[in-house]
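Shown next, in structure tokens, is the structure this report addresses.
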Amino acid sequence: MSIVLALGCSGFPARAEAPAPRDGSHDFDFEIGVWKTHLKKLEHPLSGSATWQTYEGVSTVKPIWGGRANLVELEADGPGGHIEGLSVRLYDPSARQWSLNFASGRGGGFGAPSVGEFRNGRGEFYDQETYDGRAILVRGVWSDITPTFCRFTQSFSTDGGKTWEDNWIAEDTRISEPDKGAG
């Protein structure tokens, strides 16, 4: 029995090449298209409330800048009224992360961006905000991703991320396929 050892030009064992850094620029491609959105919104976050309001609506996701960014338009109606939201998601190739920027039709401006990435089919994004006068962490998670379904859950933490309270859960079901020529 002989042992074969791969040797490089120098006579030393060849070194395995490090894998190329992961390119996440297409992480949100799964969401391009039109979705029926079923929302659950916690009525009074961080108050101990367990009362949820439900909304039904449509979310439309379009690629921009050749797919390096996308634009999300959300409209939903429920007991709390009409929700209009706009999200601009931008991919930073040097950091290999996404910056998610959300604006509500009520506020007229973008809030603090959340930043993060996808790993193993799950996207996690974080930012720090002020809510009712106190600093909190905000986490957004994309999960249960299939070609026809995905879930987004937003949670708040007042203890530096030790515990999280869900306050916005969106379950999206695809209505139409993406326009292959867009972006």
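On the given criteria, is residue 65 touching a residue at least 24 places away in the same chain (Cβ under 8 Å), open to solvent by 70 Å² or more (accessible area, probe 1.4 Å) and hydrophobic (A, V, I, L, M, F, W, C)?
The answer is yes for residue 65.
Write out, first by first residue and then by second, each pair whose Cβ atoms fall under 9 Å of each other, whose residues are 6+ apart or on separate chains, and whose first residue, in the stretch 118-130, is open to solvent by 100 Å² or more (accessible area, probe 1.4 Å) while the second is part of a strand (DSSP E or B).
128/135; 128/136; 128/137; 128/138; 130/136
Looking only at the stretch 50-61, decide whether some residue is within 30 Å of residue 96 (Cβ to Cβ), of a type outside the set (Val, Ile, Thr), at pLDDT 95 or above and crowded, with 16+ Cβ neighbours inside 10 Å.
In the first step, residues of the stretch 50-61 are kept if they are within 30 Å of residue 96 (Cβ to Cβ); the result is 59-61.
Next, from what is left, pick out any that are of a type outside the set (Val, Ile, Thr): 59.
Pick out the ones that are also at pLDDT 95 or above and you get 59.
Now drop any that are not crowded, with 16+ Cβ neighbours inside 10 Å, which leaves 59.
Checking the stretch 50-61: at least one residue is within 30 Å of residue 96 (Cβ to Cβ), of a type outside the set (Val, Ile, Thr), at pLDDT 95 or above and crowded, with 16+ Cβ neighbours inside 10 Å.
For the stretch 168-179, which residues satisfy the criterion of being buried (at least 17 other Cβ atoms within 10 Å of the Cβ) and over 15 Å from the mean Cα position of the chain (by Cα)?
If the condition is that a residue be buried (at least 17 other Cβ atoms within 10 Å of the Cβ) and over 15 Å from the mean Cα position of the chain (by Cα), then 174, 178 are the ones that fit.
Assess whether residue 151 counts as being more than 30 Å from residue 48 (Cβ to Cβ), open to solvent by 40 Å² or more (accessible area, probe 1.4 Å) and out of contact with any Phe, Trp or Tyr (no Cβ under 6 Å at 6 or more places or on another chain). Spell out how you get there, then give the answer.
Details: more than 30 Å from residue 48 (Cβ to Cβ): no; open to solvent by 40 Å² or more (accessible area, probe 1.4 Å): yes; out of contact with any Phe, Trp or Tyr (no Cβ under 6 Å at 6 or more places or on another chain): yes.
For residue 151, the condition - more than 30 Å from residue 48 (Cβ to Cβ), open to solvent by 40 Å² or more (accessible area, probe 1.4 Å) and out of contact with any Phe, Trp or Tyr (no Cβ under 6 Å at 6 or more places or on another chain) - is not met.
Considering every residue within the stretch 147-160, establish whether at least one is acidic (Asp, Glu) and farther than 26 Å from residue 36 by Cβ.
Initial filter on the stretch 147-160 (acidic (Asp, Glu)): 159.
So of that shortlist, the ones also farther than 26 Å from residue 36 by Cβ come out as 159.
Yes: one or more hits.
The values are calculated or read from the model by the stated rules, or taken from the named source; none is laboratory data. Predicted, not measured: the structure shown is a model, and the values here were computed from it. Using ideal geometry, Cβ is built from the backbone for each residue, glycine included, and neighbour counts are taken over all protein chains shown. All accessible areas refer to the heavy atoms of the entire protein, side chains included, with ligands and DNA or RNA removed. Shrake-Rupley method; radii C 1.70, N 1.55, O 1.52, S 1.80 Å.
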